[in-house]
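The structure appears below as structure tokens.
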Amino acid sequence: MEDIEDVLGPAGISGGGAPPGLRIPLSATVAVKPKRKSSRVAQTPEARIPGTQVASFSTYAQFTLTIYVKTFGCSHNQASFLHISRFALQSDSEYMSGQLSAFGYDVTDEPEGADLWLINTCTVKNPSQSAMTTLISKCKSANKPLVVAGCVPQGSQGLKELEGISIIGVQQIDRVVEVVEETLKGHEVRLLSRKTLPSLDLPKVRKNRFIEILPINVGCLGACTYCKTKHARGHLGSYTIESLVDRVKVVVSEGVREIWLSSEDTGAYGRDIGTNLPNLLNALVAELPVDRSTMLRIGMTNPPFILEHLKEIAAVLCHPCVYSFLHVPVQSGSDAVLTVCLRFNAMNREYTAGEFRKVVDTLCELVPGMQIATDIICGFPGKFPTFLILKHTISLTGETDEDFAQTVELVKEYKFPQVHISQFYPRPGTPAARMKKVPSHEVKKRSRELTSVFESFSPYQGMEGTVERIWITEIATDGVHLVGHTKGYIQVLVIAPDSMLGASADVKITSVGRWSVFGKVIEGSVAVKEASKKTNTELQNEGRGNKVEEASCCATDSCGSCACSDGTQHCGAEQRSDPPDALQPRGSIPCPDAVQSTLVDIPRPDAVQSTLVRRNVEKATESDAVKMVGKEQQMDVVTRKAVNVDTVLWCGLALSFAATLALIVVLTSRISSTSY
């Protein structure tokens, strides 16, 4: 099969036919390879979609076909301690959904009635790829046209499961409509060449209209021995500061309340274009509203690339409009596992445990209430079964008991509120996949032990009774609580009406749990800023928020990390009991909440209760009393529908009676005329 990018012109894109960075549009006859005859895809569009004809791309869209979009893995694909690199996939899916919606397709999360399936994939760990393979089999069994996007087709183009399927690469998402159109015509398309970064101004459908996932770069500068994502997303490619600032201006005007910066490694930003992360962050912060209605969350960063900018990044984290939270994966507490050494090639992470400690210690010292989350991989392998050095046989068996003990000690030392603990997964094509593995029973044992240590912490102890400012953006999966986050991105669950989504408020912490805390909104403290009018695609696709995370894990970053939980706690000193608005952290800029905001009173308890009843009726999880209310509402709806039906029937009978009378009159007149 050929990449359609290679047959667009005599010179091709890379042959001097177009300036660098300029995309050449597809010609009227797109060069694709027709699929072989099969029972899954008909040979002509007419046989599959009655009334269609092979004409232009718009032929299919005018019939309002439905596209099922499924995202696996990281936040580049998807968008909460939800892993920042997972934002990348979620962001890609939002951009692809936006383009399809703008072109006239309906985007759905229900696969059964869809006309085509679009699967956005993650290659970090085996479970995500296995889930993708299962879904591909289901799609083939259902005889549905299929397009696979994301890291798997980009990094594993020869994968057997992708044979006969249209695929689109990670840097070609701006051409998803073309691929979908050709696939619906029965063609197999492969669009994988890396040309330029996709535009940030593409149409977009957000899963949560209050949260913008903003990619600042793609790829990375690392060479981790276990990472498969580097194969897919390639070397570092950064967006310009100007383009990112312009995007922030747009999303703020659209009513976005949180901006999540997405990257495989945020700290490496700009090294390919002559700038750095502090320059970008300062430029973005300058565009945030002074009333703190929109907050910025910095993405995952590895230690090597922020060591030289720790003070500048700490100053940004102190800003009132930036969450005091950072995800810094450590992966292991042992230098022998982290860096290349005589014993085995290790992870090649390019930093030591001591340098990781320096990052954490510095940020926690300079940023009040700083929250640090991290990742650990248990059971990393060694390079060879045995190795002969200077007449001594050395066993290279990977992570030893001593290495693991150092990791446990590091976790106990800092008592991280959020740690993703992962067993080592060998990814095909990576150096680590060829290394000698630690016995699986030992890996599982270490994972259970470290999990037990982590779950023994009480990270939110001492917060009860304190007052915190929170920003509310989601509805919890229990259907009762709204989800907000403190300045340190600690997850707070409150009972409040849906109208508070997108607002900020002071809350008093009433109780604490292992993964989040519970609070009560303080009357008169709610700051509401009117959001801009929603677009049609947002109205059709608006999600109801992310899950209230427990101990499970669902996604990983570019180097094997996962992101599942929202709640985080500080790294040392006790939480301040003062309201955040009364604090002025070192290096921060005053941001009075009163500016351009409206203070509103909290609704009466009975009004809040009615909101909860309505919300529970929708989710079918209400108590017996609420069920009665739901039944009464249902009966009322049925009665109104019945009245409408009766009215239609009576009108029909009246029309029939009038028509009969008219017919009798006509017949009588004709009979009378013939008799004379």
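Find all pairs meeting these conditions: Cβ atoms under 8 angstrom apart; at least six residues apart or on different chains; first residue within region 174-193 and more than 17 Å from residue 64 (Cβ to Cβ); second residue among the basic types (Lys, Arg) and not in a strand (DSSP E or B).
174/23; 186/35; 186/48; 187/35; 188/35; 191/175
Given the criteria surrounded by fewer than 18 Cβ atoms within 10 Å (Cβ to Cβ), assigned to a loop (DSSP other than H, G, I, E, B) and out of contact with any helix residue (DSSP H, G or I) (no Cβ under 8 Å at 6 or more places or on another chain), does residue 477 qualify?
Yes.
Among the candidates 443, 419, which residue alone is crowded, with 17+ Cβ neighbours inside 10 Å, among the hydrophobic types (A, V, I, L, M, F, W, C) and part of a helix (DSSP H, G or I)?
None of the other options fit; the residue is 443.
What about residue 403, is it in a strand (DSSP E or B) and either closer than 25 Å to residue 448 by Cβ or modelled with pLDDT of 85 or more (or both)?
no
All but one of (1) out of contact with any Asp or Glu (no Cβ under 9 Å at 6 or more places or on another chain); (2) outside the structural domain of residue 266 (by TED's automatic domain parsing); (3) modelled with pLDDT of 95 or more hold for residue 313; which doesn't?
Every condition holds for residue 313 apart from (2).
Is it true that residue 498 is surrounded by fewer than 23 Cβ atoms within 10 Å (Cβ to Cβ), of a type outside the set (Phe, Trp, Tyr) and modelled with pLDDT of 95 or more?
no
When you scan region 250-266, do you find a residue that is modelled with pLDDT of 95 or more, in a loop (DSSP other than H, G, I, E, B) and acidic (Asp, Glu), even just one?
Within region 250-266 (the criterion being modelled with pLDDT of 95 or more, in a loop (DSSP other than H, G, I, E, B) and acidic (Asp, Glu)), the answer is no, since none of the residues qualifies.
With the requirement that a residue be buried (at least 23 other Cβ atoms within 10 Å of the Cβ) and assigned to a helix (DSSP H, G or I), what does region 317-335 give you?
The one that is buried (at least 23 other Cβ atoms within 10 Å of the Cβ) and assigned to a helix (DSSP H, G or I): 317.
Among the candidates 177, 245, which residue alone is touching a Phe, Trp or Tyr at 6+ places or on another chain (Cβ under 6 Å), farther than 29 Å from residue 423 by Cβ, among the β-branched types (Val, Ile, Thr) and not in a loop (DSSP other than H, G, I, E, B)?
After applying the criteria, what remains is 177.
The rows are residues; the columns are (1) in contact with a strand residue (DSSP E or B) (Cβ under 8 Å, 6 or more places away or on another chain); (2) among the hydrophobic types (A, V, I, L, M, F, W, C); (3) at pLDDT below 80; (4) surrounded by fewer than 22 Cβ atoms within 10 Å (Cβ to Cβ).
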site	(1), (2), (3), (4)
103	no, yes, no, yes
112	no, no, no, yes
123	yes, no, yes, no
130	no, no, yes, yes
147	yes, yes, no, no
158	no, no, yes, yes
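The values are calculated or read from the model by the stated rules, or taken from the named source; none is laboratory data. Source: prediction; values computed, not measured. Neighbour counts are summed over all protein chains in view; Cβ atoms, including those assigned to glycine, are modelled from backbone coordinates with ideal geometry.
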